1. Please report the antiparallel percentage of the DSSP beta bridges confined to the chain, to the nearest 5.
2. I need to check one value: relative contact order of the stretch 201-271, counting alpha carbon pairs closer than 8 Å and at least 6 residues apart, in percent.
3. Mind pulling the angle between the C-alpha long axis of helix 112-121 and the longest principal axis of the chain? Nearest 10 degrees, somewhere in 0 to 90.
4. Checking the a/c ratio against 1.5 first, then a/b against b/c, what shape does the Cα gyration tensor give for the stretch 409-510?
5. What distance in nm separates the two pseudo spin-label positions at residue 507 and residue 47, each 7 Å out from Cα along the beta-carbon direction?
6. How far apart, in nm, are two points set 7 Å out from the Cα along the Cα-to-Cβ line at residue 336 and at residue 290?
7. Could you tell me the relative contact order of the chain? Use alpha-carbon pairs under 8 Å, at least six residues apart, and round to a whole percent.
8. List 364, 218 from most exposed to least, where exposure is judged by having the fewest other Cβ atoms within 10 Å.
């Protein structure tokens, strides 16, 4: 078995088990069928389009089974999949396509405008419309006519250091960087996940996080498919639909970012949702508001926090549900094959309770960025990956996120970490979301501006929230302004868009 064709091995072990359920149509795909489809796509890429090992195959599409076909097809022939964020502007997408220089741009007809612009710019060699009848990546007729065996596409003998995909980061501090995800990283992330979450073949999860994001591919998708589990694929996240399908599809693990879990909780059918099969819910990206955790707790759903990042895989830490109350706010312990340490600005070790940058080492870590040697070198310190996240560690080895290094500001000589203020605000019964940014101040150097989104049906004034902060924070940590906003801007991963908040903060201070 080649490390890049593990779907073929899964087919031989559990051919008749259901791998993917297409939620919109209700169609079910066995592992045998999924592997045969991927082999057909691989043959078309290899023989018709001339894709060679190491070539990039870019894709701009919503979640669909053809996207999964394409991922495994690229693996079979040694090509590198480049998932593209369809929410970006055409100009931004052209920049990413130009950077990755794909041999083929595969696209959903919904995004034909992107392909047209790419053709005019000449940034890809060939183009493949998923939905055009003459190019459709659907092989039902061929499979029905044949024996369902894999096609004759040659499986490339990849090694673990070969690139499987390029995942572009959000690029909030500059141009997006393409993290080169190797087969080694994918496999060790899957092992960390399987061991950390105690996954089994009988687990079922939604696949509704976008497939241009590491969360879409590697939180549960690749680990469950490697293990022989089942995915319920949804084109896009829909809170009410998720609540409706929990029971009928026997969902055992519910994954989301705090925003999506909150949207499910706020949906009108949350109370009627059937959570009986759900073993636990996991979330990452940022801390989850206490009212949301309590709402799921009342439905008997244990909440587990995790931590990860594109460059090191999404499953680096895990907080067991038994520790959720004992260690509130913790991301837990490093997963089985993860080494972690905290380093201060002077490169010395942070002791218990001290703030330091989290650095990671292990086989789950990427080797660097696509065609960006300087950025790749800056990513590491003495062989350890620098996450840019500031944390503390307690005496039992549990880690706590303090905030992003780039988000920290200095007020009156004191380091202020917005994430700490946000967690305090989100503990208020009326607050659904909170975001804090630092702005220049003539007297203190920098001060904080907080933006809050209220829970539906709740009210609170700026004075109420100032009083809450004064009770729970040091004086230098208290924001000078608290702005009650309708909706906070969210980025592609569901996190609060701090860049957009900073622009709002400038407008607030100018008034």
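Nothing in this text is a laboratory measurement; each read-out follows from the coordinates by a stated rule. Worth saying up front: this structure is predicted, and the values here are computed from it rather than measured. Cβ placement follows ideal geometry from the backbone for every residue including glycine, while neighbour counts extend to all protein chains displayed.
1. Of all bridge pairs located within the chain, approximately 60 percent are antiparallel.
2. Reported as a whole number, the value is 39 percent.
3. 80 degrees
4. oblate
5. For the pair residue 507/residue 47, the computed spacing is 5.7 nm.
6. According to this spin-label approximation, the distance is 3.5 nm.
7. Relative contact order here is 10 percent.
8. 218, 364
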